[in-house]
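The next block holds one structure in the form of structure tokens; read it before the comments.
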Amino acid sequence: MIEERNERPESEDLQLSYVCQLLASLTRNPFDEEPSDEALRSRARVEAYVERLASSFWKTEDLDSVARSLGLSRRRFTQIFREVTGESWLARVTRLRMEHARHLLTETQLSVRSICFECGFAEISSFYRLFRSTYRTSPGAFRKQAGERR
């Protein structure tokens, strides 16, 4: 508009240039840009945490404390975690705990109560409920069926 008021001979070309720049900035996809160094460092921290999680899933941590320990907001942590693993933090922790419980039930003679606490559950009732919903059987019945298959 300012260029229009100036009425210089080149103002029409300048206006066209400004319009093209504006259109280019509006149509630019923010996802096409290279990730910043900070974004790469954040992703690397989450990837390292995912590797550590495989051997520390039994610890009683909550999502907020994990995100805080990595120097990320809860939202950013969950976003990067899902990009890295393809699943939510809670789903990953639960899956690791259930897989470990299944392993202990088939390979050891530990009591179900001991297995529950070793897998990171604070209450045996929540362990039973989750085990039953995951494997469609109780931990005791699962152990018995696994023994019969051997």
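What follows is calculated from the coordinates using simple rules that are stated; it is not laboratory data. Bear in mind the structure is a predicted one, so any value in this text is a computation, not a measurement. No Cβ is skipped: glycine too gets one built from the backbone with ideal geometry, and neighbour counts run over all protein chains shown.
Test of the criteria: in segment 69-150, which GluC sites (Glu not before Pro) are in a DSSP loop and have at most 10 other Cβ atoms within 10 angstrom of their Cβ? Mind showing how you got there, number by number?
Values: sites: 83, 87, 99, 107, 118, 123, 148; in loops: 87, 123.
Loop-located and lightly packed - 123.
Please say if segment 107-150 is rounded, prolate or oblate, where rounded means a/c under 1.5 for a ≥ b ≥ c the square roots of the C-alpha gyration tensor eigenvalues, and otherwise the choice is prolate for a/b larger than b/c and oblate otherwise?
Numbers: a/c = 2.79, a/b = 1.38, b/c = 2.01.
Judged from the Cα gyration tensor, segment 107-150 comes out oblate (a/c at least 1.5, b/c at or above a/b).
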* Once phi is turned into ³J(HN,Hα) by the Karplus curve 6.51 cos²θ - 1.76 cosθ + 1.60 with θ = phi - 60°, what whole-Hz value does each residue of segment 88-93 show in order, with x for glycine and proline? -> 6, 4, 5, 4, 5, 4
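For residue 68 and residue 129 in the same chain, what is the full-extension length gain: residue separation times 0.36 nm, less their Cα-Cα distance, in nm? Provide the component values of the computation, followed by the final result.
Details: separation 61, 0.36 × 61 = 21.96 nm, distance 2.99 nm.
The span from residue 68 to residue 129 would gain 19.0 nm if fully extended.
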* For segment 103-117, take each phi angle, set θ = phi - 60°, evaluate the Karplus expression 6.51 cos²θ - 1.76 cosθ + 1.60, and give the result in whole Hz per residue in order, putting x for glycine and proline. => 4, 5, 5, 8, 10, 10, 10, 4, 5, 4, 4, 4, 5, 3, 6
